[in-house]
Each structure stands twice: as structure tokens, then as C-alpha cells.
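Everything on this sheet refers to the single structure shown next.
The values are calculated or read from the model by the stated rules, or taken from the named source; none is laboratory data. Since this is a predicted model, take the numbers as computed values, not measurements. Cβ placement follows ideal geometry from the backbone for every residue including glycine, while neighbour counts extend to all protein chains displayed.
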Amino acid sequence: MGHVLGVLGGSGLYHLPGLAEVTELSVDTPFGAPSDALVRGRLGDTELVFLPRHGRQHAIPPSRVNYRANIHALKQLGCTHVVSVSAVGSLREELLPGHLVVPSQYIDRTVGRAASFFDEGVAVHVSMADPVCPVLAEALAGAAATTGATVHTGRTYVCIEGPRFSTRAESHLFRQWGADVVGMTNVPEAFLAREAELPYATLCLSTDYDCWRPHDEVDVTAILAILKQNVERAQETLRALSGALPDPARSPARSALQYALLTRPEAVPAGLRQRYRVLLGRFFEGPPGAP
């Protein structure tokens, strides 16, 4: 089977130059509807599936995104890799607005979001020590470097609830914790991708310095100007990555559930087996003749 690149991002990526054989798909999932119709097309030899995280009209705030449905929809459509494209604020002097960042860690400061697929009838404990796929992250950073942008790797992303921006005290606290960028969308997205055994990495578009520097605060007008420039770089990055996707079998995500299911499969009711079929189906498949 060929590679299928799932992309979660903003509406600027909808019109990706070079995307051929474009179709729109409405997908239903056991966790509800995703943010919008998904766009499927082809970049060279690679199939690409794009989902606008906030909807086509950017009408869904970060707290209301159905992250479970979004990731499940990509899994249902056979995605072999998932890349998130996300705007972030910089918490470090060297991460200038306009730079690109591929983080390796996340700090979760969200509240009230559905953080796991496995919240009913099963006990599943997935390791999140290293939530980013290192193989995909390396390929993504390499693709980003081909655009001529400055790319930073191995950084930490702190995810806040939003939709408000940070206070100065919070911004300073995040820096003390070792966070490098701040955003509102990559949690629980990254964790759900790992539960779905999908290699996941993020291309962060640095747009501002948050508010930790003296006299700085978030300026939405300035953010939009930087974001427009960064969207073009994100498009170039995805085109480069589509021809250099690593073998998904090399990703630690592909075996994330191997020892994570603690509930005996036969103890899971039939209705819940259907709910989890895409994610846990292999555990429910017994020998021939088994119920």
C-alpha cells in the first residue's frame, strides 16, 4: 500500500498547488463528525488527505474542535502519517516570528477536552513518553529546511486551553518549565494520534513572541501577516515531504497498542467492539469459529 499523508491545518492549505485528482469526502466516525469535509488528492505518488482543524470558515475555536473525530477520520481513510500545521507563539529569543519549529515534546495545560478514545468499557494505557514520531519529525524538518526557512527541532510545545492568549505571568511560567512555543491545538491531537498508532509530527509556524518580553503582547494583525508568509512555506514543506515520507513501519507509533489493552477482549460488549473496531479490531479477532 502506498503512503497516505494526513494533514491537519488551516484553510490556507486547502488550495495546495500541485494537488491533483481532488475530491471532497464527508466522513462519520464513532466519535461524531470531524471539523469539516476532508479533501483528498494526490501530490506526485503520494495521496494526501487534508482536514481543516477549525472548519473551512475557521468557526470552531480550539476548545470546541472534535479532536477524536478528526484523528479517527484520518485513520478510517487509511492515512499512514499525520502532520499537524499549527501557528504558535515563541517563548525563546532565538525562535523568531517567521521561523519554523518541529517540536518533540508537549506540555498539556488544557482542561475539559476529550483526551482519549478509550473512555468507555476498556482500559487502555498508552505510553506517551515520546509522543512525536522521531522518524516522521526528522523527515518533516528536512522538508521544511528545503524552503529556505530557519527550522528548529527538539523543542517543547505547551498547549493552553484558549481561546484567550497567555497572561505575562503564565508566559514567564511556561519559559521556566522549559517550554519553547505555546499553542492551543496540538493536545489532545498528538496523544490521540499515538492511540490510533499513527506516526505524528507538528510543523509549528512561529508568529509572535507571546507576551513574555517587556512591552510585547500578542498583536493579531501582525500575526496574520507573518502567518500568510508561513503558510506558503508550509505548502512548500508538504510538497517536499510528500516525496520523502519514511516507512511507517519504522515508527514507534505503529506498536503503541501492543501491550496497552488491559481488558480481556472477550469481555468487551459487542456494541463497544464496533465503536473501537478501527482502533482495536485486531484484538477482537479470534480464531475461526470464535464468537
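Kindly check whether there is at least one residue in region 233-255 that is surrounded by fewer than 12 Cβ atoms within 10 Å (Cβ to Cβ), part of a loop (DSSP other than H, G, I, E, B) and modelled with pLDDT of 95 or more. Within region 233-255, one or more residues are surrounded by fewer than 12 Cβ atoms within 10 Å (Cβ to Cβ), part of a loop (DSSP other than H, G, I, E, B) and modelled with pLDDT of 95 or more. For region 268-284, the criterion of being touching a residue at least 60 places away in the same chain (Cβ under 8 Å), on the phi < 0 side of the Ramachandran plot and in contact with a Ser or Thr (Cβ under 9 Å, 6 or more places away or on another chain) is met by at least one residue.
From the list Asp119, Asp108, exactly one residue is touching a strand residue (DSSP E or B) at 6+ places or on another chain (Cβ under 9 Å) and closer than 28 Å to Lys75 by Cα. Which is it? Of Asp119, Asp108, the one residue that is touching a strand residue (DSSP E or B) at 6+ places or on another chain (Cβ under 9 Å) and closer than 28 Å to Lys75 by Cα is Asp108. Taking region 161-173, which residues are of a type outside the set (Asp, Glu), surrounded by fewer than 23 Cβ atoms within 10 Å (Cβ to Cβ) and in contact (Cβ under 8 Å) with a residue 40 or more places away in the chain? Once the filter is applied, which keeps residues that are of a type outside the set (Asp, Glu), surrounded by fewer than 23 Cβ atoms within 10 Å (Cβ to Cβ) and in contact (Cβ under 8 Å) with a residue 40 or more places away in the chain, region 161-173 yields Gly162, Pro163, Phe165, Ser166, Thr167, Arg168, His172. Scanning region 11-51 for residues that are under 24 Å from Arg275 (Cα atoms) and in a strand (DSSP E or B) yields Leu25, Thr29, Gly32, Leu38, Val49, Phe50, Leu51. Filtering Ala201, Ala193, Ala234, Ala270 for residues that are over 26 Å from Ile60 (Cα atoms) and not charged (D, E, K, R) leaves a single hit, Ala270. Checking each residue in region 140-180 for being aromatic (Phe, Trp, Tyr) and touching a strand residue (DSSP E or B) at 6+ places or on another chain (Cβ under 7 Å) picks out Tyr157, Phe174, Trp177. Of all residues assigned to region 212-223, at least one qualifies as being under 22 Å from Thr156 (Cβ atoms), in a helix (DSSP H, G or I) and at pLDDT below 95. State yes or no: is Glu189 surrounded by fewer than 21 Cβ atoms within 10 Å (Cβ to Cβ) and acidic (Asp, Glu)? Judged against the criteria, Glu189 is not a match. Elements of the type helices (runs of 4 or more DSSP H) sitting completely within region 59-176 and holding at least 1 residues that are under 21 Å from Ile223 (Cα atoms): these cover 134-145, 168-176.
For region 256-267, the candidate set comprises residues that are over 14 Å from Pro199 (Cα atoms) and assigned to a loop (DSSP other than H, G, I, E, B); within that set, the residue that is farthest from the chain's Cα centre (by Cα) is Arg264.
Among the residues in region 268-281, are any loosely packed, with under 11 Cβ neighbours inside 10 Å, over 23 Å from the mean Cα position of the chain (by Cα) and part of a helix (DSSP H, G or I)? Yes, that holds for at least one residue. Report yes if some residue within region 197-217 is of a type in the set (Gly, Ala, Ser), under 21 Å from the mean Cα position of the chain (by Cα) and exposed (fewer than 12 other Cβ atoms within 10 Å of the Cβ); otherwise report no. No. Within region 179-196, the set of residues being under 17 Å from Tyr157 (Cβ atoms), under 15 Å from the mean Cα position of the chain (by Cα) and not in a strand (DSSP E or B) comprises Met184, Thr185, Asn186, Val187, Pro188, Glu189, Ala190, Phe191, Leu192, Ala193, Arg194.
Does Leu227 satisfy the condition of being modelled with pLDDT under 90, of a type outside the set (S, T, N, Q) and surrounded by 15 or more Cβ atoms within 10 Å (Cβ to Cβ)? The answer is yes for Leu227. Can you find a residue that is over 28 Å from Ala240 (Cβ atoms) and not acidic (Asp, Glu) anywhere in region 47-58? The answer is yes, given that some residue of region 47-58 is over 28 Å from Ala240 (Cβ atoms) and not acidic (Asp, Glu).
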